[in-house]
Amino acid sequence: MSKTEQIKQEQKSLQKSRTLNDPLDTVFTEKVSILFAKLFNKLGFHPNVVTVFSMITGVAGGVMLAFHNLALEITGVCLIILSAIFDCADGQVARMSGKGGFYGRCFDGFGDGLVYFAIYVGISVRLMSENIPFTNTPWSFWIWFVSVPVGIYFHAVQARTADYYKQVWMYLSNNSHCEFSTSESVKKQIDALESHGLKHLICSSYLSYTKSQERMTPNFQKLRQRIDENGGVIPEKVTETWRKNSRFSIGLTNLLVFNFRTYLLFILLFCGVTFWIFPVCVIFLEGIRIFLLVKYERLAKRCLKEGFNEI
């Protein structure tokens, strides 16, 4: 087997699902992250240490976006891309070493949120000295009335929607890399923690994250409960119906997570129109999120009605 074929096999074994993967992750991010993951694993680094690397590089990159300086802008973009590579590598190290766990998932989510917080702060500081579109008036502190709602609400709810439906897809497909959790199981794991400091706080934020995902998917929760009543066995008809009717829509989830949103931001930044990332998030991406919710809630209702006739 050639070196290229070996890397492809390693990439395939470590990734969660090609169906869910963003094309850029498949052709670039994961190929590079595997090399880092192998190095980190050889050096004995814990996956959480790799997550810290991702956080540090991502936050530093976000801060650099605040400056109107081409060298710093390019450095910031490169650091954010490196952060995404490390973010992919921490999961690969966890699967290589078998050191993954509940706290690692919570900490990884916390790290992602921190990086995006830094990015939104960076572009908001940058925009304070830029003019409001179609006027000669600088944004000044008014930009925060735009960036805070987009960063805290729209970005967060879009990301958690995309993440949840990717996990649901793996759950209903019996994928071995599935990390699907219920709020009940998360709470039990938090109650079992010995620490009640920062670790407990990070895990508690993950519990709130999970509960919010469940609140916005009532029909799927009924389907999940029916599967639990069936002994946890997912009828083949449910799996087939879900996969068949989500081939197109599952790809749309990639527009709500890192690559599309971040690389679009980079393009807008270098074109000098950074502000327009906010309307894209509020109108275009929120429209996709609402479409996915309606689509999958209807699909869950259909699976509940038709999927258990054979039982």
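The values are calculated or read from the model by the stated rules, or taken from the named source; none is laboratory data. Keep in mind it's a predicted model, so treat the numbers as computed, not measured. Because the Cβ atoms are built from the backbone with ideal geometry, glycine has one as well, and the counts that use them run over all protein chains shown.
Results, tabulated for the structure shown:
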quantity: Per-region count, the stretch 268-311, residues among the β-branched types (Val, Ile, Thr), surrounded by 13 or more Cβ atoms within 10 Å (Cβ to Cβ) and either modelled with pLDDT under 95 or under 25 Å from Asp25 (Cβ atoms) (or both); calculated: 4
quantity: Single condition Val125 does not satisfy, out of (1) of a type in the set (Val, Ile, Thr); (2) in contact with a helix residue (DSSP H, G or I) (Cβ under 8 Å, 6 or more places away or on another chain); (3) closer than 21 Å to Val63 by Cα; calculated: (2)
quantity: Within the stretch 103-121, considering residues that are over 15 Å from the mean Cα position of the chain (by Cα) and more than 14 Å from Phe278 (Cα to Cα), the one surrounded by the most Cβ atoms within 10 Å (Cβ to Cβ); calculated: Ala118
quantity: Subset of the stretch 56-72 [under 24 Å from the mean Cα position of the chain (by Cα) and surrounded by fewer than 20 Cβ atoms within 10 Å (Cβ to Cβ)]; calculated: Ile56, Ala60, Val63
quantity: Single residue of the stretch 125-138 satisfying the filter (under 24 Å from Ile74 (Cβ atoms) and touching a residue at least 40 places away in the same chain (Cβ under 8 Å)) that is surrounded by the fewest Cβ atoms within 10 Å (Cβ to Cβ); calculated: Ser129
quantity: Looking only at the stretch 194-226, and only at residues there that are touching a residue at least 12 places away in the same chain (Cβ under 8 Å) and outside any helix (DSSP H, G or I), the one that is surrounded by the fewest Cβ atoms within 10 Å (Cβ to Cβ); calculated: Met216
quantity: One residue from Gly104, Gly76 being part of a helix (DSSP H, G or I), without any contact (Cβ under 8 Å) to a residue 60 or more places away in the chain and over 26 Å from Glu194 (Cα atoms); calculated: Gly76
quantity: Those residues of the stretch 238-271 which are outside any helix (DSSP H, G or I) and not polar (S, T, N, Q), in sequence order; calculated: Arg247, Phe248, Val257, Cys271
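Yes or no, residue by residue, for (1) among the hydrophobic types (A, V, I, L, M, F, W, C); (2) over 16 Å from Arg261 (Cα atoms):
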{"position": "Thr75", "(1), (2)": "no, yes"}
{"position": "Lys99", "(1), (2)": "no, yes"}
{"position": "Asp108", "(1), (2)": "no, yes"}
{"position": "Phe117", "(1), (2)": "yes, no"}
{"position": "Glu130", "(1), (2)": "no, yes"}
{"position": "Trp139", "(1), (2)": "yes, yes"}
{"position": "Val146", "(1), (2)": "yes, yes"}
